[in-house]
Structures are given as structure tokens and as C-alpha cells.
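The next block holds one structure in the form of C-alpha cells; read it before the comments.
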Amino acid sequence: MVQRTSLPKRGQKVAVIGSGISGLGATWLLSPHFEVTLFEATGRIGGHALTVSVNRNDMEIPVDIGFIVFNKVNYPNLTKLFDLLEVPIQKSNMSFAVTVNEGEFEYGSGNIGAFFSYPTNLLKPAFWELFLDIFTFCKTAVKDTASDPNMSVEELIRRRNFGKWFEKYYLLPMSGAIWSTPRSEMLKFPANLLVKFFEHHGLLSLTGQYQWWTVSGGSKNYVQKLMAQIKANIRLNAPVEAVQRSSEGISVKTKGQEVETFDHIIFACHSNTTLEILKDSNSEEHSILSSIPYRSNRIILHQDASLMPKRKACWSSWVYLANTKGDEEQASVTYWMNSLQAIPMKTPLFATLNPNKTIPEESIFVEHIFEHPQYDYRAVQAHENLPKIQGQANTWFCGAWAGMGFHEDGFLSAIKVARMMGVNPPWN
Ligand SMILES: Cc1cc2nc3c(=O)[nH]c(=O)nc-3n(C[C@H](O)[C@H](O)[C@H](O)COP(=O)(O)OP(=O)(O)OC[C@H]3O[C@@H](n4cnc5c(N)ncnc54)[C@H](O)[C@@H]3O)c2cc1C
């Protein structure tokens, strides 16, 4: 089949699939220069930027259950966007805790008291070994992974002979919480990617961390401000079912609608969805898109404090709920929303990803399913090869999966596509 590859020309028709930060970012950048149609499967713009409203004592409390936090060092483009749009932001509090088997063992990173909150730990050699291993990891991980970019997290752990507590109670829970990935899958994660992420986010520093921020009033506020600047054809409840390329152009079939033709297509949905709807993907596209699968995770916003550490001293913004007695098929993490979004403590609010116990109905406000990208050694290759397929047959790919899975990654991937199409963001 003949597929047309041509340089983008101003005024051409561009279809964008997906309205998360990646699709919204691409639409915002390109719509002043092209005739853009944004297709969104659901009835809501924003994708993982999802703010829900909790009604308590006649007060509406906005709570983010998808994208919650960012920092100004690792999110330079998002920060510039928020500055430009005058999005109100406020300080967030980032701290991390692990609670094992509902409190058999736990620690928090918020302060020294939280780390040593479990006095009998001090009598256990494994606890002091954990301390030493964390120190060694912070000092050696960059060098270890630089010498072998294909090493997995498991290989990194074995190479330094790190102890079981380091593996089970520190590295796998912490990274599992970051990537919403169970411990067994984290072992296969590329060590190089993990260590780079830890390094860039100040997690290898033994002294201090970056300041984290959250959008005041919820991420819906930035989505609204972005939408106010976009002049595009917005199509809600329009799940794209099939995309096909030919010499005539790119045909897009949306559920229940006639086929429409475009000059360029930008996939801003997840890699697995892209593969599903791109009906004539070639072997290179197939190989890249299938290398980064997604995993479904359930998130519940609730008030059940039993999904927090037993000891209040350990309560932290992110709590990994470890279960060492059975197989952990999914990462279980509680986000303490009061701490993350400065919500008054009189209304305790927790968002738990894949709860490892039943939450009473009366404590639940809302439940949602999200998908997260899963990375192993194939992802490194896929990221390297992605530029090779960009623009082929006038087809472009973006999404948080094109980076490490976070908001800056999604936005940066959209900026890269816009640049390749001849449009720069309004900053350097
Ligand atoms: C619980 C949770 C917490 C998170 N917290 C943070 C955080 O604090 N900080 C951070 O940086 N990142 C966080 N993330 C990561 C987050 O996933 C990314 O930051 C980013 O929002 C993903 O953006 P995206 O554009 O790639 O995908 P999405 O936001 O998922 O957007 C994809 C869009 O495509 C649409 N779509 C799918 N299929 C079709 C179709 N066939 N046709 C049309 N439209 C379609 C979807 O409905 C969706 O709107 C979190 C993720 C989750 C799930």
C-alpha cells in the first residue's frame, strides 16, 4: 500500500487522538497553525488529569486522583506552561512510608522519628543492614548502571549483594509506588532508567529533596486554562476505532461515525491503544508500540485509615502497602491526599491504588481504573527507536509512555512532535 510521507504544511488537517496532557499539549501548540481535530474517547478532557469533588459539610473539596504533583526541576516545560497560563499552584508535601503485612514492620521517610518509630527494629541486624545498603545504593548506583545499561533492577541488587530488607522494604516498594508496578515486575525494570530517575529526582541524595507542588483547586484548573486558549474541533465521546493510511490521506473511523480524512495523525493515547487502532502498522511501529505494554490499576478515594501505617508517626504522603505473605500481583499504594493537597485534616482523604483489603462501602467516595505503562529492557530500545518512526506516513506518536510515564514526559513528547512539525513552544 502506498503511504504518503510529506512535510507538514500550515493549515493542513491534523487529527489528535487522546486529550491527556500529551494530546492537549499537542493541540495547544499546533492549533494556531493547523486545522486540528481532537478526538477523546470519554466525555471529559484531561485523561489522567482528573479532579473529583468531595462534598463534606456543604463544602466541595477538589481532590486529584490521577496527576497530583510535580517539581520545578524535573518538570521544566510543565512549569513554564503553568507560569504562562498563570495556573495557581501550592506547595505539596512529599514523604514516603512502607507498611508491611498491616503494620508488622513499618517506617516513614518524613522525619528521623518516622524512620526509627519501631523500637524493636533497632535490635535487628537486618535493620542496620538496610540503613547501610541504602547508603551504599545512593553512592554506587549511578556508576554501577552506567557500566551496564542493560542491567535489570534484580541484577543491580545481586551485583552489590544488597540485603532482603533493602530489596523488600526499600527499593521495590519505593519504585513500585512511583511506577505503580508490583515488586515482581519491578525486578525486571531497567536499572539504568530507575537510577537515572532517582538521581534526577534527588532520591539518591542523602540530604534533602526537591520541593514538590500541586495545582491549587486540582489539576482541572490547568486543563480549563489550557482549553480556554485552544481553538480546535473538540470531539468528546468519540473513541477512535481504526486509523488507516493511504496515498489519499489518513482515514479515521470513530465509533458510530463516518470515516474522516486527515493529512496528519498524532496518536496521544497509550501505546497499547495506538497499536490496537493503527490497523496498518508496519513492523517497526509494531515492535516499538508493543514493547511498552500498559497495566490496569484500580484507585479508590475513601476515608478508611486502616490503609495507612498503624503508627501515626509513619503516616506519609505515599504509603506502600506491602504483603510479604503472598504473591503481590499489583502494587498497593495509599496517597494521603490531605498531606499532598493541603486538605484540612478534619476530612481525612486517602486514595488507594489496588487496595490489598476490602474498603467498607460507606467509606468510599469514588472508584476509577487507570492504566500505567510497564517498563522492561525492551522499553529502552523502543525509546531509542521512536524518533525513527516519527512522521513516517504523516504519523506521529506521543504520550507519557514515550518517556518515564509522568506528566512532563507526556508534555515533552507533545513538544517534540510539534517541533518536528515545525512549531516551537513559546519558550526556549
Ligand atoms: C493514579 C495516578 C497518579 C499519578 N500521579 C502523577 C503525578 O503526581 N505526577 C506525574 O507527573 N504523573 C503522575 N501520573 C502519571 C500520569 O499517567 C501521567 O502524568 C500523564 O498524565 C499521562 O498522560 P498521557 O497523555 O500520556 O495519557 P492520558 O492522560 O491517559 O491520556 C490519554 C487519553 O486518550 C484517550 N483515549 C484512549 N483511547 C482513545 C481512543 N481510542 N480514541 C480517543 N481517545 C482515546 C483517553 O480517554 C485519555 O483521555 C499518575 C498516574 C496515575 C494513574
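The values are calculated or read from the model by the stated rules, or taken from the named source; none is laboratory data. Bear in mind the structure is a predicted one, so any value in this text is a computation, not a measurement. No Cβ is skipped: glycine too gets one built from the backbone with ideal geometry, and neighbour counts run over all protein chains shown. All accessible areas refer to the heavy atoms of the entire protein, side chains included, with ligands and DNA or RNA removed. Shrake-Rupley method; radii C 1.70, N 1.55, O 1.52, S 1.80 Å.
Does GLY47 count as out of contact with any strand residue (DSSP E or B) (no Cβ under 8 Å at 6 or more places or on another chain) and either open to solvent by less than 20 Å² (accessible area, probe 1.4 Å) or among the small types (Gly, Ala, Ser) (or both)? Judged against the criteria, GLY47 is a match. Could you tell me whether ASN237 is within 12 Å of the ligand (Cβ to nearest atom), modelled with pLDDT of 95 or more and either farther than 29 Å from PRO387 by Cβ or not assigned by TED's automatic domain parsing to the domain that holds HIS383 (or both)? Criteria met by ASN237.
Which one is least open to solvent (accessible area, probe 1.4 Å), of the residues in segment 226-236 that are over 15 Å from CYS269 (Cβ atoms) and touching a residue at least 60 places away in the same chain (Cβ under 8 Å)? Top of the filtered list is LEU226.
Results for (1) not assigned by TED's automatic domain parsing to the domain that holds GLU260; (2) not polar (S, T, N, Q), shown as yes or no for each residue.
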position	(1), (2)
GLN3	yes, no
SER6	yes, no
ILE17	no, yes
GLY25	no, yes
PRO32	no, yes
THR37	no, no
GLY43	no, yes
GLY47	no, yes
SER53	no, no
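The set of residues from segment 377-401 being within 16 Å of the ligand (Cβ to nearest atom) and in contact (Cβ under 8 Å) with a residue 60 or more places away in the chain comprises ALA379, ALA382, LEU386, THR395, TRP396, PHE397, CYS398, GLY399, ALA400, TRP401. None of SER180, SER246, SER251, SER184 is in the same structural domain as GLY110 (by TED's automatic domain parsing), closer than 28 Å to VAL16 by Cβ and not hydrophobic (A, V, I, L, M, F, W, C) except SER180.
At least 3 residues being β-branched (Val, Ile, Thr) is the threshold, and among the helices (runs of 4 or more DSSP H) wholly inside segment 100-175 those reaching it are 125-146.
Checked against (1) more than 16 Å from the ligand (Cβ to nearest atom); (2) more than 27 Å from CYS314 (Cβ to Cβ), PHE82 passes all but condition (1).
Take the conditions (1) open to solvent by 60 Å² or more (accessible area, probe 1.4 Å); (2) small (Gly, Ala, Ser); (3) modelled with pLDDT of 85 or more; ALA141 misses just one of them, which is (1). ALA242 - would you say it is within 13 Å of the ligand (Cβ to nearest atom) and on the phi < 0 side of the Ramachandran plot? When the stated conditions are applied, ALA242 passes them.
Per-residue answers, yes or no, for (1) closer than 21 Å to MET174 by Cα; (2) open to solvent by less than 20 Å² (accessible area, probe 1.4 Å):
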{"site": "TRP336", "(1), (2)": "yes, no"}
{"site": "SER339", "(1), (2)": "yes, yes"}
{"site": "MET345", "(1), (2)": "no, no"}
{"site": "ALA351", "(1), (2)": "yes, yes"}
{"site": "ILE364", "(1), (2)": "no, no"}
{"site": "LYS388", "(1), (2)": "no, no"}
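If the condition is being near the ligand (Cβ under 9 Å from one of its atoms), polar (S, T, N, Q) and open to solvent by 10 Å² or more (accessible area, probe 1.4 Å), then segment 245-275 contributes only THR273.
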